[in-house]
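Comments concern the structure below.
The values are calculated or read from the model by the stated rules, or taken from the named source; none is laboratory data. Since the model is a prediction, treat every value here as computed from it, not as a measurement. Cβ placement follows ideal geometry from the backbone for every residue including glycine, while neighbour counts extend to all protein chains displayed.
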Amino acid sequence: MMTDADFWPNGARLAVSFSLMFEAGGQPLSGAEGIIPEPIAPGTIDLPTNAYFAYGYYEGIPRLLDLFDKYRVKMSSFMVGQAVDANPDIAREIVRRGHEAAAHGRVWANSYQLSREEEKRFIADSVESIARATGQTAIGWNAYWMRSSVHILETLQELGFLYQIDEPSRDEPFITRLNSRDFVTVPYTFHMNDIVAFPEAGWNAAAYEQALRDEFDQLYDEGSVRRRMMVISLHDRVSGHPARVRSLERFLSYVTGKPDVWFARKDDIARYVLERRNTTPVLERGSPYGSGLAGPC
């Protein structure tokens, strides 16, 4: 059994971790998912949708960075390599303000249909783009819509990654034993993803804020007896709009008034649980997710 001190640093009872997806500039010129319901002819450059993405680097990311600074929150930014190449100053500013630069692929597209070597190159390219712009080597991975190939853990381990987030089965991190070494999953939550839960057409500020508070309150209560983590996923072109930032600010004002909350980058979460392997669920490679566990429940 874990003691309170084992859950998170300094006796915190809940880790709250923000992800910021830096995808603006990495999307295809035609066929990217935007906000205009009318389809465009295949192969035609979609001017308004590309402008919608551009909002992410012109307005969204700067506004969100200012919000995080105001509340002293550090987060992990999953960056598409092509987006970083197009806007290296934005990537550098994210890192300069103390946030993590993590990898999100060469372009905003899936990789699960690639061969293992092609997928490995697809991931490595984004790492190289991030390193060129920021000097930081990415050790965290997020795939397009969470879908990587079945070889992904071995590939990430070979590339020097420490963790991935493409797994929604838990409200706490866990370890996979792989090639006699440990690899961390810092799980994802679809329902706290701004694109999935509250798209532009269905935006309801009051419902969004209530969902954030309810998620926090439930996990905060559970955090008195077990390790709990709240994950909130934001996109540069979605949550960076003024109304959404105001909703996030009201949520941050609420949770920063609570004691014993750790606002954590995901690389820090991964390192913390690796240092406390005896208090972390461990999954042997080859077992299905959610079963075959060795270690504490």
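Here are some notes:
- Candidate set: region 108-127, residues that are closer than 21 Å to Ile61 by Cβ and either more than 18 Å from the chain's Cα centre (by Cα) or at pLDDT 95 or above (or both); chosen: the one surrounded by the fewest Cβ atoms within 10 Å (Cβ to Cβ): Val127
- Any hit, region 210-233, residues being part of a helix (DSSP H, G or I), hydroxyl-bearing (Ser, Thr, Tyr) and either modelled with pLDDT of 95 or more or surrounded by fewer than 18 Cβ atoms within 10 Å (Cβ to Cβ) (or both): yes
- Residues being buried (at least 17 other Cβ atoms within 10 Å of the Cβ), farther than 27 Å from Arg244 by Cα and among the small types (Gly, Ala, Ser) are entirely absent from region 64-77.
- The residue that is nearest to Ser224 (Cα to Cα), among those in region 1-53 that are in a helix (DSSP H, G or I) and touching a residue at least 40 places away in the same chain (Cβ under 8 Å), is Asp4.
- Every residue from region 62-93 that is of a type in the set (Asp, Glu) and farther than 18 Å from Ala131 by Cα: Asp66, Asp69
- Selection from region 140-165 of residues that are part of a loop (DSSP other than H, G, I, E, B) and touching a Pro at 6+ places or on another chain (Cβ under 9 Å): Ile165
- Residues in region 112-139 that are within 13 Å of Phe78 (Cα to Cα), not in a helix (DSSP H, G or I) and not small (Gly, Ala, Ser): 3 in all.
- Taking the criterion of being out of contact with any Ser or Thr (no Cβ under 6 Å at 6 or more places or on another chain) and charged (D, E, K, R), the residues of region 75-96 that qualify are Asp89, Glu93, Arg96.
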